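Only one structure is covered here, and it is reproduced in the block below.
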Amino acid sequence: MKATYLTQFIMNACSLFAVWLVLSGRYDLPHVMIGGIVACGVAWLNTRLQCSSVHHFSLGRLLIYAPWLLGRIVASSLHITKVILSPSLPIAPKMIHYQMHLKPELAIVLLGNSITLTPGTITVEVEGDHLLVHALDEASCEDLTSGRMERRMAGVFKEEASP
Amino acid sequence: MNAFFLFVLITLSLLILVYLYRVIQGPTVFDRVLGLNGMSTKAIILVVVMGTVFDRVDMFVDISTGYALLNLVGAFAVAKFLEQRGGL
Amino acid sequence: MTYAINIALLLLLIVTAASATFLVKELMSSVFILGSYSFFLALVWAWLGAVDVAFVEAVIGAGLATVLFLVTLFDTAPKDSRLRRPPPPLAGVLGLPLLGVLLLFAANDLPSLGDPSSPPNVHISPYYLQQSYADTLTPNVVTSVLMDYRGFDTLIETVVIFTAGIACALLLKETKS
Amino acid sequence: MDILAVVLIVIGLFFLTVGAIGMLRLPDVFTRSHAVSLTDSLGAFCLLMGLALYQGVGINMLKILVVLALLFLLNPVIAHATIRAAYRVGVKPKAEEHP
């Protein structure tokens, strides 16, 4: 428990310090020192507030997931563009109840965010392991209903999704 | 190159005008919130483009970060308010 | 030329938002549009080169003031958040455009933007720009002007704002009746 | 490099325009949110990427990328909050229910 708190504290402080370095743009000693002190203070205040349920989360797999998500965003953006620009406006909006098999909270948050980020689908409500998703038409929600997106997300968390 | 960025600026302003129409016209409150959200995204980009025109991106980026964060606070305030009140 | 077109577009946005603030029916929509108005103003400041003013306008005007208005709306009854607007008085309809024309007429005499020989640019600004770092060791000129050269001015302004805040807190304190 | 930046900016502007058109044409809040998310994700991504490339490698590029990351983290949350509020308040989507 103590070790996880310490690692999380160090991770928080390092990321905050990196943001400080990027945003301040001055690299003389006083500014960098102030940044370090402030980053440690903010991390000290905030680490306790975080949920500590970081399961087997792998950063490397997230780096594989992100380009895949970007590819999906491009594909569905082109689809939505075609729908919006066609004169007859062929939309068939529908609500989908989707049963998830993911357990970690962080995975659910990331999955919901990915769904919202992909044009054509938006997460409306999250109840336990149950997602309510609004989709613009049949083609745009195919990724979700076929379970592809969830399997990818389960891969990030090294979990077995059993659809 | 500068003329190109000015063209980008003008296009973005015109797009903001479209969103402003939705904010003013929108039948429900949520249309207005949504329009405001899209408008703020465009405004954030607009500020960064302005920074590119003036060649001082480091200064202008601060405005857009601040506005992005406060936009989140505002949107949450609206959503919480409307959920508690149960509509307008 | 494009410079002028862009500023004209932003001004058009501002005027549209300002009139829409008065014309919509619900208080909440009015608050949103007021927030967007504030942000257009911030964009104009940024475009004129006053980045710090733009920052304050975006953060306080568009962000914080909107949230404050919404918090106020939390405490009003639902029937109060719909506006019943009486028709505007004739004096306002006639007088306000006249005032606008007068102001535009007065604005004719202002020096053009960025004119190096205009009074504000020859009086004391060159001194600030050249000497402020040597005088105060502050990298940002605006901060040095506000906090060092005009320190007392800023102090009294802060006192005024704090007094207003304390007065509001005292007025809004829940009284046990 | 500059050519690539200009191409990316133009693509971003195109998607922003499509989003605005969608905002005008689509019928209700839920469908309009898709237009906004189109603008937010791909349009903002292409435009800010183009601007970052135009700056060249350096601190300014990193700053623009910070803004981009912020947009990608915050915008889905904002859209979700708005749409959830609309759904809970009882705005009925013009949609068929699917299991």
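The values are calculated or read from the model by the stated rules, or taken from the named source; none is laboratory data. Given the structure is predicted, the values throughout are model-derived calculations rather than measurements. Cβ atoms come from the backbone with ideal geometry, glycine included; neighbour counts cover every protein chain shown. SASA here: full protein model, heavy atoms, side chains in, ligands and nucleic acids out. Shrake-Rupley method; radii C 1.70, N 1.55, O 1.52, S 1.80 Å.
For the structure I just gave you, tell me whether D:ARG88 is surrounded by fewer than 21 Cβ atoms within 10 Å (Cβ to Cβ), at the interface with chain A (Cβ under 10 Å from one of its Cβ atoms) and more than 13 Å from B:PHE30 (Cβ to Cβ).
On the way: surrounded by fewer than 21 Cβ atoms within 10 Å (Cβ to Cβ): yes; at the interface with chain A (Cβ under 10 Å from one of its Cβ atoms): yes; more than 13 Å from B:PHE30 (Cβ to Cβ): no.
Judged against the criteria, D:ARG88 is not a match.
With exposed (fewer than 14 other Cβ atoms within 10 Å of the Cβ), assigned by TED's automatic domain parsing to the domain that holds A:LEU16 and not small (Gly, Ala, Ser) as the only criterion, which of A:LEU45, A:LEU89 stands out?
Details: A:LEU89 fails: assigned by TED's automatic domain parsing to the domain that holds A:LEU16.
It is A:LEU45.
Yes/no per residue for (1) within 9 Å of chain C (Cβ to nearest Cβ); (2) at pLDDT 85 or above; (3) in contact with a helix residue (DSSP H, G or I) (Cβ under 9 Å, 6 or more places away or on another chain); (4) over 21 Å from D:GLY56 (Cβ atoms):
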residue: B:PRO27; (1), (2), (3), (4): no, no, yes, yes
residue: B:ASP58; (1), (2), (3), (4): no, no, yes, no
residue: B:ALA68; (1), (2), (3), (4): no, yes, yes, yes
residue: B:GLY87; (1), (2), (3), (4): yes, no, yes, yes
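Just wondering, is there one or more residues in region D:33-50 that are over 24 Å from B:SER64 (Cβ atoms) and at the interface with another protein chain (Cβ under 7 Å from one of its Cβ atoms)?
Step one: list which residues in region D:33-50 are over 24 Å from B:SER64 (Cβ atoms), which gives D:34.
Checking which are at the interface with another protein chain (Cβ under 7 Å from one of its Cβ atoms) leaves us with D:34.
For region D:33-50, residues over 24 Å from B:SER64 (Cβ atoms) and at the interface with another protein chain (Cβ under 7 Å from one of its Cβ atoms): present.
For region A:94-157, please list each of the helices (runs of 4 or more DSSP H) lying entirely inside it that holds at least 3 residues being of a type outside the set (Val, Ile, Thr) and open to solvent by less than 10 Å² (accessible area, probe 1.4 Å). Before the answer, list the steps.
Details: elements: A:105-117, A:142-145, A:148-156.
Counting at least 3 such residues, we get A:105-117, A:148-156.
Please state which of the following conditions D:ILE21 fails to meet, knowing it meets all the rest: (1) touching a Leu at 6+ places or on another chain (Cβ under 6 Å); (2) farther than 24 Å from B:GLY51 by Cα.
(1)
Residues that are in contact with a strand residue (DSSP E or B) (Cβ under 9 Å, 6 or more places away or on another chain) and modelled with pLDDT of 85 or more: which helices (runs of 4 or more DSSP H) entirely in region D:1-87 hold 1 or more of them? Working first, answer last.
Values: elements: D:2-25, D:29-38, D:44-55.
Correct list: D:29-38.
Any residue at all in region B:39-51 that's more than 15 Å from D:LEU68 (Cα to Cα) and more than 10 Å from chain C (Cβ to nearest Cβ)?
No: region B:39-51 contains no residue that is more than 15 Å from D:LEU68 (Cα to Cα) and more than 10 Å from chain C (Cβ to nearest Cβ).
Sort out which residues of region C:12-41 are touching a helix residue (DSSP H, G or I) at 6+ places or on another chain (Cβ under 7 Å), open to solvent by 30 Å² or more (accessible area, probe 1.4 Å) and either outside any helix (DSSP H, G or I) or more than 7 Å from chain B (Cβ to nearest Cβ) (or both), and write them in order of number.
Of all residues in region C:12-41, those touching a helix residue (DSSP H, G or I) at 6+ places or on another chain (Cβ under 7 Å) come to C:13-14, C:16-18, C:20-21, C:24, C:26-41.
Among the residues that remain, those that are also open to solvent by 30 Å² or more (accessible area, probe 1.4 Å) are: C:16, C:18, C:27, C:34, C:37, C:41.
Within region C:12-41, C:ALA18, C:LEU27, C:LEU34, C:TYR37, C:LEU41 meet the criteria.
Of the residues A:PRO93, A:PRO163, A:PRO87, which single one is more than 22 Å from A:LEU59 (Cβ to Cβ), over 18 Å from the mean Cα position of the chain (by Cα) and modelled with pLDDT under 80?
On the way: A:PRO93 fails: modelled with pLDDT under 80; A:PRO87 fails: modelled with pLDDT under 80.
Going through A:PRO93, A:PRO163, A:PRO87 in turn, the sole match is A:PRO163.
Out of the helices (runs of 4 or more DSSP H) lying entirely within region C:44-163, which hold 3 or more residues that are not assigned by TED's automatic domain parsing to the domain that holds C:MET28?
Details: elements: C:51-56, C:65-74, C:90-107, C:119-123, C:125-136, C:141-144.
Counting at least 3 such residues, we get C:119-123, C:125-136, C:141-144.
Mind checking which residues of region D:51-70 are more than 7 Å from chain A (Cβ to nearest Cβ), within 20 Å of the chain's Cα centre (by Cα) and either crowded, with 22+ Cβ neighbours inside 10 Å or of a type in the set (S, T, N, Q) (or both)?
Across region D:51-70, the qualifying residues are D:LEU51, D:ALA52, D:ILE64, D:VAL67.
Can you spot a residue in region B:54-67 that is of a type in the set (Gly, Ala, Ser) and open to solvent by 50 Å² or more (accessible area, probe 1.4 Å)? Write out each step before concluding.
Taking region B:54-67 and keeping what is of a type in the set (Gly, Ala, Ser), we get B:64, B:66.
When the remaining residues are screened for being open to solvent by 50 Å² or more (accessible area, probe 1.4 Å), the result is none.
Scanning region B:54-67 turns up no residue that is of a type in the set (Gly, Ala, Ser) and open to solvent by 50 Å² or more (accessible area, probe 1.4 Å).
Test of understanding: among C:PRO139, C:PRO120, C:PRO116, C:PRO126, which residue is in contact with a Lys or Arg (Cβ under 9 Å, 6 or more places away or on another chain) and either loosely packed, with under 10 Cβ neighbours inside 10 Å or of a type outside the set (A, V, I, L, M, F, W, C) (or both)? Spell out the reasoning first.
Details: C:PRO120 fails: in contact with a Lys or Arg (Cβ under 9 Å, 6 or more places away or on another chain); C:PRO116 fails: in contact with a Lys or Arg (Cβ under 9 Å, 6 or more places away or on another chain); C:PRO126 fails: in contact with a Lys or Arg (Cβ under 9 Å, 6 or more places away or on another chain).
Exactly one residue qualifies, and that residue is C:PRO139.
Tally the residues that are within 8 Å of chain A (Cβ to nearest Cβ), open to solvent by less than 10 Å² (accessible area, probe 1.4 Å) and over 19 Å from A:VAL74 (Cβ atoms), restricting the search to region D:15-32.
Total meeting the criteria: 3.
Given the conditions (1) out of contact with any Gly (no Cβ under 9 Å at 6 or more places or on another chain); (2) open to solvent by 10 Å² or more (accessible area, probe 1.4 Å); (3) within 23 Å of D:GLY56 (Cα to Cα), report the number of the one that B:GLY51 does not fulfil.
Failed condition: (2).
Among all residue pairs at least 6 apart or on different chains, which show Cβ distances below 6 Å where the first residue, located in region D:1-22, is over 23 Å from B:ARG22 (Cβ atoms) and the second is buried (at least 16 other Cβ atoms within 10 Å of the Cβ) and of a type outside the set (A, V, I, L, M, F, W, C)?
From region D:1-22, the pairs are D:ALA5/D:GLY50; D:ALA5/D:TYR54; D:LEU8/D:GLY50; D:ILE9/D:GLY50.
Would you please name the residue that is modelled with the highest pLDDT, looking only at residues in region C:71-117 that are among the acidic types (Asp, Glu) and more than 29 Å from C:ILE7 (Cβ to Cβ)? Give the derivation first.
Of region C:71-117, the ones among the acidic types (Asp, Glu) are C:75, C:80, C:109, C:115.
Then keep just the ones that are more than 29 Å from C:ILE7 (Cβ to Cβ); that gives C:75, C:80.
Working: C:ASP75: 74, C:ASP80: 65.
Top of the filtered list is C:ASP75.
Are any residues in region C:1-46 of a type in the set (Phe, Trp, Tyr) and within 18 Å of B:LYS42 (Cβ to Cβ), and if so, which ones? Break it down stepwise before answering.
Initial filter on region C:1-46 (of a type in the set (Phe, Trp, Tyr)): C:3, C:22, C:32, C:37, C:39-40, C:45.
Hits for region C:1-46 are C:PHE32, C:TYR37, C:PHE39, C:PHE40, C:TRP45.
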